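Chemist: Here it is, the structure, as structure tokens.
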Amino acid sequence: MQNLDKHVISQALQWLRSGESTWLCTVLATFGSSPREPGSLMAAKADGQHVGSLSGGCVEEDFLQQLGDGRFQKAVERIRYGAEGNMGNHRVTLPCGGSLDVLIEQLAPVPENINHLENVLTTLDGQTVKTRRIALDNSPQSLGAQLLHDEPQGARVWLDPDDRFVDVRVGPVSRLIIAGVSSVSIYCAEFALAMGFEVVVCDPREEAWANVNVPGIRAEYMLPSLFIAAPDTCHRATAIVGLTHDPRIDDLAVMEAIHTPAFYIGVMGSHKTSQARAERLQRTGGLTAKDIARIHMPIGLALGSKTPAEIALAIMADILRVQRGKARHEL
């Protein structure tokens with residue numbers, strides 16, 4: 001599965017390698033209604049060719065028109081669409097009065113820029129999460145864009161309070177590993193795919209797969225614990241959930257997940273079941289109290305969910321909460 005970020009960076013890199021200047025646009029912030037979230041990318045050339053998007057189409061059209069008219073000649077600049085202000089663009093109105101700030105980088109086809117995008121592409125294909133730090137001062141002494149190590153949780157875009165730089169997180173496609181086929185896991189898989197996750201469902205039981213038909217998932221007919229333990233299976237943008245109520249599947253998956261850099265590990269079950277599982281994992285699995293604290297059990301947000309779809313919604317909402325760096329009390 002090739003995510004949109006990778007597609008945009010790949011095309012921008014191809015244009016630079018061909019000796020063509022490229023404009024890389026990043027959504028920095030949105031206010032009100034906006035179709036794309038912060039961190040969304042678009043790359044374009046002066047002739048109007050482009051890939052990716054910033055909105056539902058109106059912003060792209062205006063940007064490309066101005067680019068063709070010779071605007072955006074600075075190395076880095078910010079503009080605001082849909083609202084008044086010192087970066088205001090009054091010709092474009094976003095739905096429901098929304099607005100968005102966009103960072104525009106003019107990338108010349110020089111070795112420094114080519115090397116930087118090559119490293120970004122490697123990061124998108126890899127196992128770690130990094131940050132593109134883009135200097136905003138446009139001075140000759142500016143370091144341009146750097147690639148730094150980062151954590152996978154929290155806001156994807158962070159603007160320095162003193163306007164010296166912008167940090168934009170980049171990394172591999174978010175992955176959800178589901179241990180076991182169940183009615184809840186099927187809905188989780190569908191929700192996760194819609195949210196842009198790469199979804200892997202693992203279950204060695206042939207009968208469990210009889211009525212599974214979820215286009216887009218990766219099906220692994222093996223114990224989830226064996227899949228999780230394999231090299232390069234889990235990275236820092238991975239979530240792992242056990243959804244069968246079968247300790248032979250869920251417990252073993254959790255015991256392996258603890259040894260990975262996954263940002264979310266969760267197991268389905270009631271408070272009573274979760275307490276018993278915690279004791280069992282410490283007694284027979286050798287997990288420490290610190291290990292147990294990493295596991296979300298009972299899994300998901302307390303939404304009063306009853307049906308499989310509602311439980312899956314609560315699970316994916318909790319995964320998104322952790323991925324966005326939100327504490328429960330902030331909801």
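The values are calculated or read from the model by the stated rules, or taken from the named source; none is laboratory data. What you are looking at is a predicted structure, and each value in this text was computed from that prediction instead of being measured. Here the Cβ is made from the backbone with ideal geometry for all residues, glycine too, and neighbour counts use every protein chain on show.
Chemist: List the residue pairs whose Cβ atoms are under 6 Å apart, where the first residue sits in the range 126-137 and is more than 17 Å from Ser40 (Cβ to Cβ) and surrounded by fewer than 19 Cβ atoms within 10 Å (Cβ to Cβ), the second is of a type in the set (A, V, I, L, M) and at pLDDT 90 or above, and the two are 6 or more positions apart or on different chains.
Modeler: Leu136/Val76
Chemist: Residues in the range 111-118: is at least one assigned to a helix (DSSP H, G or I), closer than 30 Å to Ala312 by Cβ, of a type in the set (A, V, I, L, M) and in contact (Cβ under 8 Å) with a residue 12 or more places away in the chain?
Modeler: Keep residues of the range 111-118 that are assigned to a helix (DSSP H, G or I), which gives 111-118.
Now restrict to residues that are closer than 30 Å to Ala312 by Cβ: none.
Looking for residues that are assigned to a helix (DSSP H, G or I), closer than 30 Å to Ala312 by Cβ, of a type in the set (A, V, I, L, M) and in contact (Cβ under 8 Å) with a residue 12 or more places away in the chain, one finds none in the range 111-118, hence no.
Chemist: Give me a count of the residues in the range 272-331 that are under 30 Å from Val170 (Cα atoms) and part of a loop (DSSP other than H, G, I, E, B).
Modeler: 9
Chemist: Can you go through Leu54, Leu28, Leu67, Leu41 and tell me which one is closer than 17 Å to Arg156 by Cα and either out of contact with any Leu (no Cβ under 8 Å at 6 or more places or on another chain) or at pLDDT below 90 (or both)? First the steps, then the outcome.
Modeler: Values: Leu28 fails: either out of contact with any Leu (no Cβ under 8 Å at 6 or more places or on another chain) or at pLDDT below 90 (or both); Leu67 fails: closer than 17 Å to Arg156 by Cα; Leu41 fails: either out of contact with any Leu (no Cβ under 8 Å at 6 or more places or on another chain) or at pLDDT below 90 (or both).
Of the residues listed, the single one that is closer than 17 Å to Arg156 by Cα and either out of contact with any Leu (no Cβ under 8 Å at 6 or more places or on another chain) or at pLDDT below 90 (or both) is Leu54.
Chemist: If the Cβ limit is 9 Å and pairs must be 6+ apart or interchain, which residue in the range 187-201 that is assigned by TED's automatic domain parsing to the domain that holds Glu310 pairs with which residue that is surrounded by 24 or more Cβ atoms within 10 Å (Cβ to Cβ) and of a type in the set (S, T, N, Q)?
Modeler: Val201/Ser185
Chemist: For the range 197-243, give me each residue that is of a type in the set (Ser, Thr, Tyr), touching a Pro at 6+ places or on another chain (Cβ under 9 Å) and surrounded by 18 or more Cβ atoms within 10 Å (Cβ to Cβ). Break it down into steps so the answer makes sense when it comes.
Modeler: Start the filter on the range 197-243 by keeping residues that are of a type in the set (Ser, Thr, Tyr), which leaves 221, 225, 233, 238.
Within this subset, residues satisfying the condition of being touching a Pro at 6+ places or on another chain (Cβ under 9 Å) are 221, 238.
Scanning the range 197-243 gives a single hit, Thr238.
Chemist: Among Pro247, Pro161, which is the only one that is under 30 Å from Ala135 (Cβ atoms) and not assigned by TED's automatic domain parsing to the domain that holds Asn119?
Modeler: Numbers: Pro247 fails: under 30 Å from Ala135 (Cβ atoms).
Only one candidate qualifies: Pro161.
Chemist: Residues to consider are Leu100, Leu159; find the one that is over 16 Å from the mean Cα position of the chain (by Cα) and modelled with pLDDT under 90.
Modeler: Values: Leu159 fails: modelled with pLDDT under 90.
Exactly one of Leu100, Leu159 is over 16 Å from the mean Cα position of the chain (by Cα) and modelled with pLDDT under 90, namely Leu100.
Chemist: To continue, here is another question. Only one of (1) over 27 Å from Arg175 (Cβ atoms); (2) at pLDDT below 95; (3) assigned to a loop (DSSP other than H, G, I, E, B) is not met by Arg78, so which one is it?
Modeler: (3)
Chemist: List the pairs whose first member sits in the range 257-278 and is farther than 11 Å from Ala239 by Cβ, whose second member is at pLDDT below 95 and among the basic types (Lys, Arg), and whose Cβ atoms are under 6 Å apart, counting only residues at least 6 apart or on separate chains?
Modeler: Close Cβ pairs satisfying both conditions: Pro261/Arg236.
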